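A.B. asks: This is the structure I want to talk about, given as structure tokens.
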Amino acid sequence: MTKEITILSGKGGAGKTTVAGALATLARNAVLIDADVDAPDLHLLLQPRIRRSETFYGSKKARIIAADCTHCGLCVDACRFDAITPGEPPEISFFFCEGCGMCYRICPAEAIEFAEARTGEWYVSDTDYGPMVHARLDPAQGNSGKLVSLVREEGRKIAAANQAEYILTDGPPGIGCPVIASLAGTDFVLVVTEPTPAGEHDLRRLAELLGLFKIPAGLCLNKWDLNPEMAARMEAAGRELGMEAVGGIRFDLTTVTAQLEGRTVMDYPASPAATDIGDLWKNVEKLLKKNDSAGR
């Protein structure tokens, strides 16, 4: 039975993708998903080879049919997003249009088209560590939660076809709609954070969200050795919030070297970070088995 593991951080820059890329090299028979569709970067470490690409239509956009427009200006006045510039005919900005459809509904000449528009692209790729599903929203476009759900659905289809043991998802930052879309149906969440007051704040916000989904979670403290006292405090907070500490990663400049070279830190097996992440993965597997035994 395929186990879905989602890696979250509550914020950007905590080391989530570094850990996800490293775990991708350790997980056996896994399907990899980059669910951070607003700013994807897992591909920078895993170097995927695109096998298939598909256009994503995430919302509708309005467009004026110049030949039918009577230049009445009602659409300009009605647009609360200031997306329509006056003119003969007026012009609707693709980037500013929020797809509300108000102009389409009120146009007396029926001179506005309201149709599905391309807002991004998604891909099925091959990596050295297994198939990968990833995506990218176009600039200034929305509905990232819908795109996250799409790539996860495709990842599950591939996992079923391959009888994959794991689906490993590099989740979006924060706690908003894309994160919620990355959580539905997942079996386990690995929370990666840092030993700082901001890290503790984000940990508590994320724990509150996970509590609503009743998803078991484990805590990984990145760069714990930079502030051992704060790290111990956050481990205690994690236990209080129902998260078991599954590992800590020491500060290691090898991670920067790996990123600059487009590789994962596991390509440097003698590095402290690689050793720590290896231990982290063993603990995650143990916790998954423990949760299975407990019926969670």
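The values are calculated or read from the model by the stated rules, or taken from the named source; none is laboratory data. Keep in mind it's a predicted model, so treat the numbers as computed, not measured. Heads up, the Cβs are rebuilt from the backbone with ideal geometry, glycines too, and the neighbour counts pull from every protein chain shown.
A.B. asks: Select from the range 276-293 the residues that are of a type in the set (D, E, K, R) and surrounded by 15 or more Cβ atoms within 10 Å (Cβ to Cβ) and list them in ascending order.
C.D. replies: Filtering the range 276-293 for residues of a type in the set (D, E, K, R) gives 276, 279, 282, 285-286, 289-290, 292.
Across the range 276-293, the qualifying residues are ASP276, GLU285.
A.B. asks: On the given criteria, is PRO195 within 24 Å of GLN47 (Cβ to Cβ), outside any strand (DSSP E or B) and assigned by TED's automatic domain parsing to the domain that holds GLY171?
C.D. replies: No; evaluated as a whole, the condition is false for this residue.
A.B. asks: In the range 161-176, which residue that is in contact with a Ser or Thr (Cβ under 7 Å, 6 or more places away or on another chain) and of a type in the set (A, V, I, L, M, F, W, C) is farthest from ILE215 (Cα to Cα)?
C.D. replies: Across the range 161-176, the extreme among qualifying residues is ALA164.
A.B. asks: Which one is nearest to GLN141 (Cα to Cα) among residues in the range 99-118 that are out of contact with any Leu (no Cβ under 8 Å at 6 or more places or on another chain) and part of a loop (DSSP other than H, G, I, E, B)?
C.D. replies: GLY99
A.B. asks: Separate question: Take the residues of the range 227-249 that are surrounded by 15 or more Cβ atoms within 10 Å (Cβ to Cβ) and charged (D, E, K, R): which is modelled with the highest pLDDT? Before the answer, list the steps.
C.D. replies: First, pick out the residues of the range 227-249 that are surrounded by 15 or more Cβ atoms within 10 Å (Cβ to Cβ): 227, 230-231, 234-235, 237-238, 241, 243-249.
Now narrow it down to the ones that are charged (D, E, K, R): 235, 244.
Numbers: GLU235: 95, GLU244: 90.
For the range 227-249, the residue satisfying everything is GLU235.
A.B. asks: Do we find that LYS16 is within 21 Å of LEU210 (Cα to Cα) and surrounded by fewer than 24 Cβ atoms within 10 Å (Cβ to Cβ) in this structure? Explain how you work it out, then say what you get.
C.D. replies: Numbers: within 21 Å of LEU210 (Cα to Cα): yes; surrounded by fewer than 24 Cβ atoms within 10 Å (Cβ to Cβ): no.
Taking the combined requirement at face value, the residue does not satisfy it.
A.B. asks: Within the range 128-138, track down each residue that is closer than 10 Å to LEU46 by Cα and surrounded by fewer than 20 Cβ atoms within 10 Å (Cβ to Cβ).
C.D. replies: ASP128 - this is the single residue of the range 128-138 that is closer than 10 Å to LEU46 by Cα and surrounded by fewer than 20 Cβ atoms within 10 Å (Cβ to Cβ).
A.B. asks: Of all the residues that make up the range 73-120, how many are under 30 Å from ILE158 (Cα atoms), crowded, with 17+ Cβ neighbours inside 10 Å and of a type outside the set (Ser, Thr, Tyr)? Write out each step before concluding.
C.D. replies: First, the residues of the range 73-120 that are under 30 Å from ILE158 (Cα atoms): 116-120.
Next, from what is left, pick out any that are crowded, with 17+ Cβ neighbours inside 10 Å: 117, 119-120.
Those left that are additionally of a type outside the set (Ser, Thr, Tyr): 117, 120.
Summing the residues that are under 30 Å from ILE158 (Cα atoms), crowded, with 17+ Cβ neighbours inside 10 Å and of a type outside the set (Ser, Thr, Tyr) in the range 73-120 gives 2.
A.B. asks: Go through PRO269, PRO228, PRO197, PRO216 for me and flag whichever is within 15 Å of ALA14 (Cβ to Cβ) and not hydrophobic (A, V, I, L, M, F, W, C).
C.D. replies: Details: PRO269 fails: within 15 Å of ALA14 (Cβ to Cβ); PRO228 fails: within 15 Å of ALA14 (Cβ to Cβ); PRO216 fails: within 15 Å of ALA14 (Cβ to Cβ).
Going through PRO269, PRO228, PRO197, PRO216 in turn, the sole match is PRO197.
A.B. asks: Please work out which one of (1) exposed (fewer than 13 other Cβ atoms within 10 Å of the Cβ); (2) under 19 Å from HIS43 (Cα atoms) is the condition GLN259 fails and give its number.
C.D. replies: With respect to (1) exposed (fewer than 13 other Cβ atoms within 10 Å of the Cβ); (2) under 19 Å from HIS43 (Cα atoms), GLN259 is out only on (1).
A.B. asks: Any residue in the range 46-66 that is farther than 27 Å from THR264 by Cα sitting within a Cβ distance under 8 Å of a residue that is of a type in the set (Val, Ile, Thr) and at pLDDT 95 or above? List the pairs, counting only those 6 or more apart or interchain.
C.D. replies: LYS61/ILE92; ALA62/ILE92; ALA62/ILE112; ARG63/ILE92; ARG63/ILE112; ILE64/ILE92; ILE64/ILE112; ILE65/ILE112
A.B. asks: Filter the range 135-161 for residues that are under 11 Å from the mean Cα position of the chain (by Cα) and of a type in the set (A, V, I, L, M) and give the result.
C.D. replies: The initial filter retains those residues of the range 135-161 that are under 11 Å from the mean Cα position of the chain (by Cα), namely 135-136, 144-145, 147-149, 151-152.
The answer is ALA135, LEU147, VAL148, VAL151.
A.B. asks: Please give the strands (runs of 3 or more DSSP E) falling wholly within the range 1-98 in which 2 or more residues are under 30 Å from the mean Cα position of the chain (by Cα) and modelled with pLDDT under 95. Spell out the reasoning first.
C.D. replies: Details: elements: 3-8, 30-34, 49-64.
The qualifying strands (runs of 3 or more DSSP E) are 49-64.
A.B. asks: Let me ask another. Name the single residue that is surrounded by the fewest Cβ atoms within 10 Å (Cβ to Cβ) among those in the range 262-272 being in contact with a Ser or Thr (Cβ under 7 Å, 6 or more places away or on another chain) and in contact (Cβ under 8 Å) with a residue 40 or more places away in the chain. Steps first, please.
C.D. replies: Of the residues in the range 262-272, the ones in contact with a Ser or Thr (Cβ under 7 Å, 6 or more places away or on another chain) are 264-266, 268, 271.
Now restrict to residues that are in contact (Cβ under 8 Å) with a residue 40 or more places away in the chain: 264-266.
On the way: THR264: 28, VAL265: 27, MET266: 21.
In this case the residue turns out to be MET266.
A.B. asks: Still on this structure: So which residues in the range 274-293 are in contact with a strand residue (DSSP E or B) (Cβ under 9 Å, 6 or more places away or on another chain) and hydroxyl-bearing (Ser, Thr, Tyr), if there are any at all?
C.D. replies: Correct list: empty.
A.B. asks: Then there is this: When the range 205-224 is examined, which residues are found to be assigned to a helix (DSSP H, G or I) and either at pLDDT 95 or above or surrounded by 16 or more Cβ atoms within 10 Å (Cβ to Cβ) (or both)?
C.D. replies: Start the filter on the range 205-224 by keeping residues that are assigned to a helix (DSSP H, G or I), which leaves 205-213, 224.
LEU206, ALA207, LEU209, LEU210, TRP224, listed by residue number.
A.B. asks: Let me ask something else. Please go through (1) outside any strand (DSSP E or B); (2) in contact with a strand residue (DSSP E or B) (Cβ under 7 Å, 6 or more places away or on another chain); (3) in the same structural domain as GLU285 (by TED's automatic domain parsing); (4) hydroxyl-bearing (Ser, Thr, Tyr) for SER149 and return the number of the only condition it doesn't satisfy.
C.D. replies: (2) is the only condition that SER149 fails.
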